[in-house]
Amino acid sequence: MKVAPSILSADFGNLQRDVESICEAGCDFVHVDVMDGHFVPNLTIGPVVVASIAKCATKPLDIHLMVQNNTFFVELFAPLQPEYISFHIEEEKHPHRLIQKIRSYGIKAGIVLNPHTPPESVEFLLQDLDMVLLMSVNPGFGGQSFIETVLPKAARLNALRNKINPNCLIEVDGGVSDLNIQLLKDAGVDIVVAGNYVFKHKSKKEAIKSLQI
């Protein structure tokens, strides 16, 4: 299991310190939540701040767009060359076209599914995807409780993925901790996003290691 701590739970007054600390603690990716205040009722950070994060991060960036006008935001963040850019299928009329656009920059493309969105919604996109991110909370805020229906949803997606594109990874975001990590692994999940669990733990290294099972 790979771990992508979400900087949404970091101390933004000491962002460089916190980004460096999770990288030193052994995380696999740095997860960046970009919110525009329209698709979700919260506003986070833009490319200027993320560029600064990229400079101090020694692990690749995993950018999760929670926005309207996805193409505009992809063009904003693509010059930073993150490992992944993921966008919500609920907000995109032409997801296949946007997947191709992301990949044309040499960036891996992901699609995000809200808690209510069935995994079958990406069946005919899986062949071209590098990752599917399943939300296990309602997007917009950190510190929410894990929605357990993501477990059978991940298992269904895993079966689809294995049949169509075994190279496509499954990521889960929201309420992840040592209490549900084994269940997520059993469901076929490859990457977990953990915010509060990592940043509020007495040892970021111990927290990350407990999820890398």
Being at pLDDT 95 or above, part of a strand (DSSP E or B) and of a type in the set (S, T, Y) narrows it down to one of S121, S86, so name that one. S86
Test for V137: is it modelled with pLDDT of 95 or more, surrounded by 14 or more Cβ atoms within 10 Å (Cβ to Cβ) and in a loop (DSSP other than H, G, I, E, B): yes
Please go through (1) surrounded by fewer than 17 Cβ atoms within 10 Å (Cβ to Cβ); (2) β-branched (V, I, T); (3) over 24 Å from D190 (Cα atoms) for I45 and return the number of the only condition it doesn't satisfy. (1)
The helices (runs of 4 or more DSSP H) lying wholly within the stretch 168-213 that contain at least 2 residues that are at pLDDT 95 or above and farther than 18 Å from I22 by Cβ are 181-186
When residues of the stretch 9-28 are limited to those that are touching a residue at least 60 places away in the same chain (Cβ under 8 Å) and buried (at least 24 other Cβ atoms within 10 Å of the Cβ), the one nearest to V112 (Cα to Cα): C27
Kindly establish whether G174 is surrounded by 22 or more Cβ atoms within 10 Å (Cβ to Cβ), out of contact with any Cys (no Cβ under 9 Å at 6 or more places or on another chain) and at positive phi. yes
Filtering the stretch 100-118 down to residues that are surrounded by 15 or more Cβ atoms within 10 Å (Cβ to Cβ) and over 27 Å from E148 (Cβ atoms) yields K101, I102, R103, Y105, I107, K108, A109
Would you tally the residues in the stretch 26-53 being at pLDDT below 95 and either closer than 15 Å to Y84 by Cα or touching a Phe, Trp or Tyr at 6+ places or on another chain (Cβ under 7 Å) (or both)? 1
Please identify the pairs in which a residue from the stretch 140-168 that is more than 13 Å from D186 (Cβ to Cβ) has its Cβ atom under 6 Å from the Cβ atom of a residue that is assigned to a helix (DSSP H, G or I) and among the small types (G, A, S), counting only partners at least 6 apart or on another chain. G142/S9
Can you tell me which residue is surrounded by the most Cβ atoms within 10 Å (Cβ to Cβ) among those in the stretch 70-99 that are within 16 Å of G46 (Cα to Cα) and touching a Pro at 6+ places or on another chain (Cβ under 6 Å)? F77
Condition set of a type outside the set (A, V, I, L, M, F, W, C) and assigned to a helix (DSSP H, G or I), scope the stretch 124-134, selection nearest to L98 (Cα to Cα): answer is D128
Being part of a loop (DSSP other than H, G, I, E, B) and not aromatic (F, W, Y) is the filter; apply it to the stretch 99-118 and report the residue that is nearest to I85 (Cα to Cα). I107
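The values are calculated or read from the model by the stated rules, or taken from the named source; none is laboratory data. Just so it is clear, the model here is predicted, and its values are computed rather than measured. Don't worry about glycine lacking a Cβ; one is built from the backbone with ideal geometry, like all the others, and counts go over all protein chains shown.
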